[in-house]
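Peer 1: Mind looking over this structure? Questions follow.
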Amino acid sequence: MIFNRQRLGIDLGTVNTVIYIEDRGVALREPSLVVVDHQTNQIIAFGKEAAAMIGHLPEHCEVISPLVNGVIAHLNYTKEMLAFFIRKALIRKLSNPDVVICVPSNITKLEHKALTDTIKGLGITRAMIIEEPYAAALGAKLNIEAAEGQLICDIGGGTTDIAILSYQHIIKSQMLKIAGNQFDDAIRMAIRQHYQIKVSPEDAEALKIKLASAIVFDDEREISEKVQGRHIVTQLPTEQAITKQFILESIDPLFLEIITAIQKVLELVDVELSVDILSNGITLTGGGALLPRLGERIEKVLKIPVNITDSPLDAVAMGAGQLIKNMTSMSKQG
């Protein structure tokens, strides 16, 4: 029995990997994690299963993120993780699918080669590597074919990509190593410095999800959640109430850096494109787009309308999915 080639769009993210399959839609969304047994040097778990093991592993096992700030930090682990996810997403056995895979903008030649090597190592011979903001713009259904400029801001787990697009091209872009992970790190650092308490990355993320907001109104400042951790002086377990205002103060500098970066990208383009953005607005994608009132905060500072796409977590993979329809015209890698 002969099958048509399977076509996949992959958002290989620092925090999550999302796979879109032609005619099926989003088929997989899992944490970009592996568990490595250092005694055998073997991977014993991937994705959701690996995330469930955090904090419950023997000393010789470790949870590892193969990608750091959008860059492949562990080539072999990335290759094995990607192969596992592809096999899991496909209905039938892996048979050299066509792939569109998304990377942060401003990726270096060395990083591009590492990803290319990873794809080739999986036996995939037909692949297209595209920049995440381009895919995000497609996934957000922006009209990037027109002359009018469109501004996309994709706030992921490891990086934030900002780009202005026109005539199907990225005119100007900037990539920041500021995203979901850095928000979590800022919360952990603030709690450590202010309360002398060490909390886990998972608990910091939970606080972000429950309390983080780009704008906090007066009657919300004292809304709080308790977090458990270890006191860095006594080394004993302890508990502390953390307020919404404390979380805002912890991550506010990161909001300002993202807003400043958007402003700088706007300053780099011609006046005509800037006017287009004023009319079309700024589109937010990625998990960071879900942070409450972030759009309102950006609008307040830049005086430009902000839109949040319908499926911010899947926008990049969905955009890649649109591009797989053009796979027949792609040249082979290598």
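Peer 1: Being part of a helix (DSSP H, G or I), under 25 Å from residue 17 (Cα atoms) and open to solvent by less than 80 Å² (accessible area, probe 1.4 Å) narrows it down to one residue among 273, 254, 248; which is it?
Peer 2: Residue meeting the stated conditions: 254.
Peer 1: While we're here: Return yes when residue 6 is farther than 22 Å from residue 199 by Cα, among the polar types (S, T, N, Q) and touching a residue at least 40 places away in the same chain (Cβ under 8 Å) and no when it is not.
Peer 2: Yes: the conditions hold for residue 6.
Peer 1: For the subset of the stretch 13-24 comprising residues that are closer than 12 Å to residue 320 by Cβ and surrounded by fewer than 23 Cβ atoms within 10 Å (Cβ to Cβ), which member is modelled with the highest pLDDT?
Peer 2: Among those residues, the one meeting the criterion is 21.
Peer 1: To continue, here is another question. Between a first residue in the stretch 278-297 that is in contact (Cβ under 8 Å) with a residue 60 or more places away in the chain and among the polar types (S, T, N, Q) and a second residue that is outside any loop (DSSP other than H, G, I, E, B) and surrounded by fewer than 18 Cβ atoms within 10 Å (Cβ to Cβ), which pairs have beta carbons less than 6 Å apart while being 6 or more apart in sequence or on different chains?
Peer 2: That search, which allows pairs on different chains as well, returns 283/307.
Peer 1: Also: State the number of residues belonging to the stretch 312-324 that are open to solvent by 30 Å² or more (accessible area, probe 1.4 Å) and under 21 Å from residue 178 (Cα atoms).
Peer 2: Total meeting the criteria: 1.
Peer 1: Among the residues of the stretch 32-43, is there at least one that is free of Cβ contacts under 8 Å to residues at least 12 places away in the same chain, outside any loop (DSSP other than H, G, I, E, B) and out of contact with any Leu (no Cβ under 7 Å at 6 or more places or on another chain)? Walk me through it before giving the result.
Peer 2: Narrowing the stretch 32-43 to residues free of Cβ contacts under 8 Å to residues at least 12 places away in the same chain: 40-42.
Okay, now just the ones that are also outside any loop (DSSP other than H, G, I, E, B), so 42.
Adding the requirement that they be out of contact with any Leu (no Cβ under 7 Å at 6 or more places or on another chain) leaves 42.
The answer is yes; a qualifying residue exists.
Peer 1: Could you tell me how many of the residues in the stretch 282-292 are over 15 Å from the mean Cα position of the chain (by Cα) and surrounded by 16 or more Cβ atoms within 10 Å (Cβ to Cβ)?
Peer 2: Summing the residues that are over 15 Å from the mean Cα position of the chain (by Cα) and surrounded by 16 or more Cβ atoms within 10 Å (Cβ to Cβ) in the stretch 282-292 gives 2.
Peer 1: Given the residues 186, 204, 214, which is the only one that is in contact with a strand residue (DSSP E or B) (Cβ under 9 Å, 6 or more places away or on another chain), of a type in the set (Gly, Ala, Ser) and either at negative phi or surrounded by 22 or more Cβ atoms within 10 Å (Cβ to Cβ) (or both)?
Peer 2: None of the others qualify; the one that does is 204.
Peer 1: Can I ask one more? Of the residues that make up the stretch 65-86, is at least one of a type outside the set (A, V, I, L, M, F, W, C), surrounded by 19 or more Cβ atoms within 10 Å (Cβ to Cβ), touching a His at 6+ places or on another chain (Cβ under 9 Å) and in contact (Cβ under 8 Å) with a residue 12 or more places away in the chain?
Peer 2: Scanning the stretch 65-86, I find at least one residue that is of a type outside the set (A, V, I, L, M, F, W, C), surrounded by 19 or more Cβ atoms within 10 Å (Cβ to Cβ), touching a His at 6+ places or on another chain (Cβ under 9 Å) and in contact (Cβ under 8 Å) with a residue 12 or more places away in the chain, so the answer is yes.
Peer 1: Please give the strands (runs of 3 or more DSSP E) falling wholly within the stretch 102-201 in which 2 or more residues are more than 16 Å from the chain's Cα centre (by Cα) and at pLDDT below 90.
Peer 2: Working: elements: 127-131, 150-155, 160-166, 169-176.
Of the strands (runs of 3 or more DSSP E) lying wholly inside the stretch 102-201, those with at least 2 residues that are more than 16 Å from the chain's Cα centre (by Cα) and at pLDDT below 90 span 127-131.
Peer 1: How many residues, within the stretch 257-270, are open to solvent by less than 30 Å² (accessible area, probe 1.4 Å) and either in the same structural domain as residue 104 (by the TED database) or assigned to a helix (DSSP H, G or I) (or both)?
Peer 2: 6
Peer 1: Could you please tell me which pairs satisfy a Cβ distance under 6 Å, a separation of 6+ or placement on different chains, a first residue in the stretch 109-127 that is surrounded by 15 or more Cβ atoms within 10 Å (Cβ to Cβ), and a second residue that is among the charged types (D, E, K, R)?
Peer 2: Going by the 6 Å Cβ cut-off, the qualifying pairs are 118/79; 121/79; 126/98; 126/332.
The values are calculated or read from the model by the stated rules, or taken from the named source; none is laboratory data. Please read all numbers here as calculations on a predicted model, not as lab measurements. Neighbour counts are summed over all protein chains in view; Cβ atoms, including those assigned to glycine, are modelled from backbone coordinates with ideal geometry. In case anyone asks, the SASA skips ligands and DNA or RNA and just uses the protein heavy atoms, side chains included. Shrake-Rupley method; radii C 1.70, N 1.55, O 1.52, S 1.80 Å.
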